[in-house]
């Protein structure tokens, strides 16, 4: 197979022919199955009629290939892409003049092959066949979306998931081999466009009338990547069967004439988008009224000698079954009027007779066809619950079972006995009894017996139970051949087991130090016992008894021992195991129970029976040893001896071969592909013994992160890849995965911790999306739902019927707005937002329509001015605004009394009115006024600078209109006063030192004056004279308003 190469070493030659205006330039070489050459056409193409391509394996030739081409590229399919080649391309015109260019392709790592790209929701999954060059270390992955290829990642695997892809965008991929930092050629490009598949329909409303189906459905409110194109209809008589499609429709309803009356049909509707992608099927059923269908699943069983049980599956509810007929031997024996009761007991039967049954269903259209017939012979029910146990008396077996139903009129029970399960003679019963329960006393103890029991009717029909077994046991026999061997500080006892006929459960050991009084020492199951802690030189006596279900036997004859120093046995029960798979061998043995033995020596050999005199290990003080210096796949032989005052004999020989068990797979990563899970992992870090190919067992659980055989299900065994797709999942739920490395001998690694993935399904879009237009800009804001990221889509009614690729994606989970500045005024844009999580991109939000425009222009002085009229009325005025995209239509006036936190709309003025008076003010308030321009498009973007107006709570007050009076000019001081309550008042002038100058007013005010209804005087004038009518001297004077002892003072200056 051709090897793929992409990277080429471009070697353009200088020294072209002098007639170079039409010379070939820009020759480049890259690989895609073969070798492809591409060059720039001559600048003057009117004279170039063809090209000559020469190929050589060395730079100076000779050429091994010469071909011609009429276009400026050539595909060399005969090249071995793993080799180096040199190419020359010449252009040839009518005169024969040529201009040449050359390029070379160096020897590089062989490329990967068969690159595949599969789209998913917000992801593209790549896979390829590995390079044939076994020294290739990794692969570089390149991606392009139309603006040149850029490196995306590097991987050691032959699979990769691009999770940074945006739905609706077409991506091209290339993969190149990498060896010792030298990059080879790329595999042929592959492309994929991720997308959200369409969502299924919902709420199908279907009915059948006169054999005509009419179905209508509701489209999903959720939108996939592409617009809906059509709906494909499937029909079957079995749920889930999509083998037949009668139609595809572009509207949300469908009708057809149903083929058969009395048939229940299953329909599936799949939503198809404009790219041919399909939603999951939505299933519904429709029944074409008519005669009932044939009942299915008929079963007939002989319950006992007097009854046959009949059952079947109830017909579909749509058939409106009113009853079922039970037909036996062509005659109706029962009509079941309950349409859902699909069973019947036939008690009018004769033992031994054979009956044939079938069922018919009935509805308002009549009686349907009968089911397939089933036959059954009436036989007694077999005795149930048969058990066989050791009898209460020695040498007996007790049998018991449950009596048959009284309606069978069982006459007797026959007991059959054999010495094996396959040697029964059923012609003659061993015993007979009228009721359940019997004791078999004619048995040989220690012999297993097998039993079966039959129930016999008055007509001698039998029905046999299952087979059980038991063994008769007699009183426990006295143990024989008791022996005792004395060693230093301990003794070994052994004796004969009395045999199977006694079913011995345990043995009791008794010990004495005087031969007369024996005390209980221990109970054991095997016929042997070691008694440690004895005193050397002392005499000990032992007896043994046997125990079974009938009690304890008589004691054996006693034996006598006297332990002596210097006598030992070899270590016993030596074992060697390498099952841990860590390259070590574990030895263990039973202790030599002499106080004179203080340690153990280990002897090791690679040849059975041949050991050095020098032990392999000494000073071992416990009864176990780990050999960590064993070579794998080598069999080692071991013996152990005890030592102390002297060395014991060596133990029996054991052997084991150590090996290295596989280590765990590394870096298991789980990626959601919406309706499947993509697993990738790295091979184990350690090498292990039994390996030809690295293999894995793949497990999954829905309940446990820690691996156990009971909690995990095997998905794949001895799998050799480094990635796996699990398609047998729900789109929501928690899954746990464990990858175990397995060697050629079936040993798995011992790791237990799995990896968890929580699938929540794709997320619904933000519930609220708003768009705010301005000059060549749109600001989108939406409600936060905390996904992994957001994608923003845009289209225009003029240019697109559906959303394409997103204009922004991978927006952070905490982003709640986006500003689109790549828009033009007076064009309506349609926006939608989608949420992205591990399962991919969810459906798009409801769209918003936004039209950017040029806002109305504010004047240079964009401030709002004011004055107070009529005590507390606020008059506002401002400079007019200029037209933007739309004409100025008026001005909206707003007022706030909470420092701008909230505004109340007061009024909209006409475009020509640039003032407004607020008469609804109250004392003791601070107001903030805002004016917005309203254009003819209803927009209110242009806002004047707000103005603050203070209306403090009123108090007695003097208003001085000018605080300087020039008497030489005949000027007078103009004054007013404000009262907030009624009472006596005095309004007068004094010098700064308090000397009275003149009283202006001294009177009692009118009644009813309050803070909310204050009184303001008319104009009061002081002509600069004192109480005597003479002009006062130049200087400063005080104006005093006095009421109820409270004074309000202002100042004024007089000149003359």
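Every number in this text was worked out from the coordinates using simple rules, so none of it is lab data. Note that the coordinates shown come from a computational prediction; the quantities given were computed from them, not determined experimentally. Cβ atoms come from the backbone with ideal geometry, glycine included; neighbour counts cover every protein chain shown.
A protection proxy built from the mean count of other Cβ atoms within 10 Å ranks the segments 927-934, 241-248, most packed first, as 927-934, 241-248. Shape verdict for the stretch 208-294, please, from the Cα gyration tensor: rounded (a/c under 1.5), prolate (a/b greater than b/c) or oblate. It comes out prolate by the Cα gyration axes. Of all DSSP beta bridges confined to the chain, the antiparallel ones make up roughly 100%.
Note on the chain: Kirkwood radius taken over Cα pairs, Stokes-Einstein applied at 10 °C and 1.306 mPa s, translational D equal to 36 µm² s⁻¹. DSSP bridge analysis restricted to the stretch 957-1055 gives an antiparallel fraction near 90%, rounded to the nearest 5.
Viscosity 1.567 mPa s, temperature 4 °C: what is the translational diffusion coefficient of the stretch 587-700 from Stokes-Einstein with a Kirkwood Rh over Cα pairs, rounded to a whole number of µm²/s? Taking Rh from Cα pairs, D becomes 73 µm²/s. Ranked for footprinting exposure by Cβ neighbours inside 10 Å, fewest first, 56, 523 give 523, 56. Pairs of Cα atoms nearer than 8 Å and 6+ residues apart set the relative contact order; for the stretch 296-377 it is 33 percent. I need the shape label for the stretch 666-758. Rule: rounded when a/c is under 1.5, else prolate if a/b > b/c, else oblate, with a, b, c from the alpha carbon gyration tensor. Prolate, because a/c is 1.5 or more and a/b exceeds b/c. Taking all Cα pairs closer than 8 Å and separated by 6 or more residues, the relative contact order of the chain comes to 5 percent.
What Kirkwood Rh does the stretch 921-976 have if only Cα atoms enter the pairwise 1/r average? Answer in Å.
15.8
Directionally averaged projected area (the stretch 620-774, Cα convex hull): 16.4 nm². Put the Cα centre of the stretch 917-965 next to the Cα centre of the stretch 857-892 and the gap is 12 Å. Spatially, the stretch 456-529 and the stretch 379-406 are offset by 27 Å when compared through their Cα centroids.
With Cα atoms defining each centre, the stretch 806-844 and the stretch 640-674 are spaced 59 Å apart in the structure.
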